[in-house]
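Enquirer: Below you will find the structure I want to go over with you.
The values are calculated or read from the model by the stated rules, or taken from the named source; none is laboratory data. Everything numeric here is computed off the predicted structure, so don't read it as measured data. Glycine also receives a Cβ, built like all others from the backbone with ideal geometry; neighbour counts cover every protein chain displayed. Just the protein is used for accessible areas: all its heavy atoms, side chains included, with ligands, DNA and RNA removed. Shrake-Rupley method; radii C 1.70, N 1.55, O 1.52, S 1.80 Å.
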Amino acid sequence: LAFAGWLLWQGWCVWRYQQRLQKLAPMERLYRQLLDWQATQGYPKHPAQTPLEYVQQVGLRQRPAQAAVVHQISQAYLGWRYGDRAIDLPQLEQQLTQLKRSPLKRSPFQQLRRGQRS
């Protein structure tokens with residue numbers, strides 16, 4: 001019975017998350033999904049950080065190809081939000097999907113090479 005309650009609660013949480021996302025504009029929804037997913041992987045964005053500050057932080061902690069995707073989506077979001085620029089949403093969605101499929105952490109060799117620690 002407890003497991004069924006927990007499962008029901010999880011389903012309700014997912015449903016509420018999807019409902020909140022549906023109220024956002026498509027580019028804002030994509031950017032929110034990126035930030036939410038990054039947070040679940042250990043790379044949260046602090047509320048006081050600007051998107052560009054976040055991109056810099058991610059660039060130091062993730063593989064270059066992954067940081068490039070975060071950079072592209074963040075730049076597209078900034079262009080849409082503040083510059084009224086057109087965006088290629090399907091291409092950005094595809095990049096986010098690929099990012100979610102790839103391992104995020106740098107290898108220990110890459111960390112040592114850059115003089116970083118976990």
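Enquirer: Answer with yes or no whether Ala68 is more than 18 Å from Leu92 (Cβ to Cβ), open to solvent by less than 70 Å² (accessible area, probe 1.4 Å) and either out of contact with any helix residue (DSSP H, G or I) (no Cβ under 6 Å at 6 or more places or on another chain) or modelled with pLDDT of 95 or more (or both).
Expert: It is false that Ala68 is more than 18 Å from Leu92 (Cβ to Cβ), open to solvent by less than 70 Å² (accessible area, probe 1.4 Å) and either out of contact with any helix residue (DSSP H, G or I) (no Cβ under 6 Å at 6 or more places or on another chain) or modelled with pLDDT of 95 or more (or both).
Enquirer: Would you pick out the residues in segment 9-34 that are over 19 Å from Pro90 (Cα atoms), modelled with pLDDT of 80 or more and open to solvent by 100 Å² or more (accessible area, probe 1.4 Å)?
Expert: Arg20
Enquirer: Separate question: Just one of (1) in contact (Cβ under 8 Å) with a residue 60 or more places away in the chain; (2) assigned to a loop (DSSP other than H, G, I, E, B) trips up His46, so point out which.
Expert: In the conditions (1) in contact (Cβ under 8 Å) with a residue 60 or more places away in the chain; (2) assigned to a loop (DSSP other than H, G, I, E, B), His46 misses (1) alone.
Enquirer: Can you tell me which residue is nearest to the chain's Cα centre (by Cα) among those in segment 28-61 that are within 16 Å of Tyr82 (Cβ to Cβ) and of a type in the set (Val, Ile, Thr)?
Expert: Val55
Enquirer: Something else now. State all residues of segment 1-23 that are of a type in the set (A, V, I, L, M) and within 16 Å of the chain's Cα centre (by Cα); if no residue qualifies, say none.
Expert: Taking segment 1-23 and keeping what is of a type in the set (A, V, I, L, M), we get 1-2, 4, 7-8, 14, 21.
The one that is of a type in the set (A, V, I, L, M) and within 16 Å of the chain's Cα centre (by Cα): Leu21.
Enquirer: Does segment 38-61 contain at least one residue that is in contact with a Ser or Thr (Cβ under 8 Å, 6 or more places away or on another chain) and more than 19 Å from Ser102 (Cβ to Cβ)?
Expert: Step one: list which residues in segment 38-61 are in contact with a Ser or Thr (Cβ under 8 Å, 6 or more places away or on another chain), which gives 51-52, 54-55.
Next cut, more than 19 Å from Ser102 (Cβ to Cβ) only: 51-52.
So far as segment 38-61 goes, yes, one or more of its residues are in contact with a Ser or Thr (Cβ under 8 Å, 6 or more places away or on another chain) and more than 19 Å from Ser102 (Cβ to Cβ).
Enquirer: Right, something else. Looking at segment 76-100, which of the residues that are farther than 15 Å from Arg29 by Cα and basic (Lys, Arg) is modelled with the lowest pLDDT? I'd like the intermediate steps shown before the answer.
Expert: We begin by selecting, within segment 76-100, every residue farther than 15 Å from Arg29 by Cα; these are 82-86, 98-100.
After this cut, where a residue has to be basic (Lys, Arg) as well, the list is 85, 100.
Details: Arg85: 85, Lys100: 89.
Only one residue tops the list, namely Arg85.
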